[in-house]
Each structure stands twice: as structure tokens, then as C-alpha cells.
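Just so it is clear, none of the values below were taken in a lab; they were calculated from the coordinates. What you see is a predicted model; the values in this text were computed from it and never measured. Cβ sites come from the backbone with ideal geometry, for glycine too, and all protein chains shown count toward neighbours.
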Amino acid sequence: MHENSKRILLAIAAVGGLLTLIGWFASTERTSAGVLVAAMLVLGMSLGGLAFVAFGYVTRAGWSTALRRVPEAMAATLPFGAGLTLIALAFGPFLYEWMHDHHDPILAKKAAWLSTGFFYVRAVVYLGVWMLFARAIRRVSLRQDETGDVGATGTNLRLSTIFLICFALTFSFACFDWIMSIEAHWFSTVYAVYCFSGLFLAAIAAITIFSILLRRQGTFAGVLREDHLHDLGKLTLGFSTFWAYIWFCQYMLIWYSNMPEETSYYVTRFGGAWGPLMIANVVVNWLIPFIVLLPRPAKRDEGRMMAVAVLLLVGRVFDLYLLVQPGLLDSPAFGLWELAPLAATVPVAIILVSRAFFSAAPVPKSDPMLGESLHYHN
């Protein structure tokens, strides 16, 4: 990353951080919610990168090997995302009704799980497990560059398998704890799947953006081919549709059952000014990407892939906003106190990903599947 770009990003982060600090005094609830959205965005990118790497090992997806340093670099920023998450959760009393309402009979039945001390212990465990796996998988991958040990691929395959099992459990619980419990009366059995679909879709978009920028800058010249872009496009199209499918499944099942304790979630979100935002969420995260990427040439076109990826990152912020804010505010509010946490955190995350990427070889040069990836055709 050029020094000028780094200085601009740090300046944006400094201004955003200052405004976030002011916001905690001027509008504590809105700023706390904004910090939670920013933390979930940054942490989600790191986790999505780690999941992408793990899926690549477990499925032996040779095509993605040449690009693996990008999601590895994203995963390397997990400590930053974890720190942001702990900061956001520290303001839990402004986000979670169950932390201060001890008389609600429904919340009382959930008190064994929704207790403040246990809540923070679980958060530390989730974050600790994710960081341990991220560090272990990246360390083995980088060591393979130095030693040329083919067996390191098998080691990471085993680590990735264990991680994905742990991730399925811990991520589900984290979604319940950090986002769903904002509206603790409500519940959904597909909530974690919905959160994962959005997280992984955004991670694919981020990988696409970084890879294209690296090719334009020259680092990925001769590495990122139209065939790789095509597969990234297919993943983008597939997971965008999967996200929309889970969105519809959750809505349809709740609408059909018509149980008051479940429908309250959508009554709020489709009422008043929230309604158009819910429709716009589907348009941004599914309808536009679906229409643009459906033709084969679009998935091989750098410009269109970049545009859709940027749109999906904006859509991820939008989606997180609609997961968090309607449970806290009577009507939509998106202004300084929501933008400031994003301005404070996203530039720092970009710098950390760039630093992690350029601290190692741009491609895993000793991986036995690298040759297949560099000469990949589809």
C-alpha cells in the first residue's frame, strides 16, 4: 500500500474515532449500535476469509490456491475484529434489554443463558477459538513456503476440518448472543444460517475486490485470470441467491405460522419507514447482483465484478443495520453516529489486511496445487 493511501486511511480513521467518542456522550444508544454494526462487519470479513481458506482445503479446491493469500490476510486481522467486538459488547446495557430488565417473565426463563457474566465469558471463548485456528492455519501455510513440505497441506486440511465444525457451533451461538438477543423475546431457528450467508457473501466480495486491485497494481499479474474471476462470480451469484433463499425461508415460515412471538420481528421491520429499507435490502443484496452476474461474460468482466462486489459490501452494512437497529430505534436513523464507527474501523482493517498480505509471498509457492491454480481453465 502506498504511503499516501495509508495516511489518508489513517486520517479518516482518526476523524471517525474522534466522532465515535463524541457520539458515545451525545447519542450513546445510536453510537453503541453503530459500533456493534462496524464490529460485526470487520469481524465478519476476517471470519469469512478464514472460512474461505478452510473450505478451500477441505474441498481441495485447487482453483483458489493462487488467491489464498488474500483470505489468509483477511483472517490475520481477527485480533482487530475481536477487539472491536469486545468494545461493542462492553456497552451491552445500551443494546440488550435483558441485561437490565429482571422482571420480564419471558426473559426470566432465558436467564440461565442470558446472564451478563456468562455472556462475556462465551464471547471471549468464541473469539479465542477463532483466533487460535486463524493463527495455526496461517502459520502452517507460511511455513510450507519456507520448507516446501507437502505434508503441510494435509495438516491444514485437518485443522480446517476441525475449525469448520467448531465454527458452525460457535458462530451460531455468537449470532444468538450478539445480535438476536437484542430482541430477546424473538427467536428463529435459521438465524445463524442467515447470518452466515451474509458474512460469507461479503467475504467473497472483499476477496474479489482485493484480488482485482492486486492485479491492477501488478502483484497478481499473471496470477488472477478470467477463469478465477468466473469462479468468484459463480460463488458471488450462488451465495447471493442462497442469502435471498434463507431470507425468504425465515420470512415465509414466520408469516405462515402467524405466531405473535415470532411475527413481532417482521411487524416492526415492515412497519413505517423500515418497510422500504427491507425491500431495498433484498434489491441490493440479491436482485441487482443476480441480474448483473447471470450472463457468463459478466462473471469474467473485471469492471462488472468489481462493481457488484462493492455493492455487496454496501449491502452487508445495510443488512447488519437492519439486523441491529430496528430492535433499538422506533424509526430509521442513519447519520453521523452510524457512519463514524465505520469510518473509524474499516480504514484500519484495510491497512491491516494489506500489511498481512505483503508480509508473505503473494502466492503459496510450495503448495502442491499451485500449478493447477495458475493454469486453471473452466
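For this structure, a couple of remarks:
- Subtracting the Cα-Cα distance of E3 and L86 from 0.36 nm times their residue separation leaves 26.9 nm of extension gain.
- For the range 322-378, the square roots a ≥ b ≥ c of the C-alpha gyration tensor eigenvalues yield an a/c of 1.5 or more together with a/b exceeding b/c, which makes the shape prolate.
- Paramagnetic reach from V310 in the range 170-204 [backbone N under 20 Å; point 7 Å along Cα→Cβ]: 201-204
- Residue-averaged [θ]222 nm for the chain, counting only DSSP H segments that reach four residues, each worth -39500 (n - 2.57): -25000 deg cm²/dmol
- Enclosed volume per residue, in Å³, of the convex hull spanned by Cα atoms of the range 67-122: 105
- Build a GNM of the chain with springs between Cα atoms under 10 Å apart, and of N258, N285, N156 the one that fluctuates most is N258.
- C-alpha center-to-center spacing [the range 6-47, the range 211-266] in angstrom: 25
- Highest-fluctuation residue, L277, L312, L84 considered, GNM on the chain with Cα pairs under 10 Å: L277
- If you take the Cα centroid of the range 329-344 and the Cα centroid of the range 69-114, the two points sit 19 Å apart.
- Kirkwood-type radius of the range 3-374, with distances r between different C-alpha atoms, in Å: 21.4
- Candidate cross-link partners of K110 among the aspartates and glutamates, defined by an alpha-carbon separation under 19 Å and a same-chain spacing of 8 or more, comprise E97, D101, D177, E183, E261, E262.
- Isolated Cys residues of the chain, judged by Cβ distance under 4.7 Å to other cysteines: C166, C249
- Net charge, G198 excluded, C-beta distance under 15 Å - Lys, Arg +1, Asp, Glu -1: 0
- When the Cα positions of P362, P260, L312 are compared along the charge dipole of the range 3-374, P362 comes out farthest toward the positive end, with charges on each C-beta of Lys, Arg, Asp and Glu.
- GNM result for the chain, Cα springs below 10 Å: residue of Y256, Y265, Y194 fluctuating most strongly: Y256
- Taking every C-alpha pair closer than 8 Å and separated by at least 6 residues, the mean separation divided by the residue count of the range 3-374 gives a relative contact order of 35 percent.
- Compared with the dominant Cα axis of the chain, that is its longest principal axis, helix 78-90 is turned about 10°.
- Expected-Rg normalisation [2.2 N^0.38 Å, Cα atoms] applied to the range 131-287: 1.33
- Unit charges on C-beta of K, R, D, E only; dipole of the chain, Debye: 1000
- Angle between the chain longest axis and helix 226-257 axis [Cα atoms, degrees, rounded to 10]: 20
- Multiplying the residue separation of I22 and C249 by 0.36 nm and subtracting their alpha-carbon distance yields 77.7 nm.
- With respect to the chain, whose longest principal axis is taken over its alpha-carbon atoms, helix 116-147 is tilted by about 0°.
- Partners of K109 within straight-line reach, counting lysines whose Cα lies under 21 Å from its Cα and excluding those fewer than 8 residues away in the same chain: none found.
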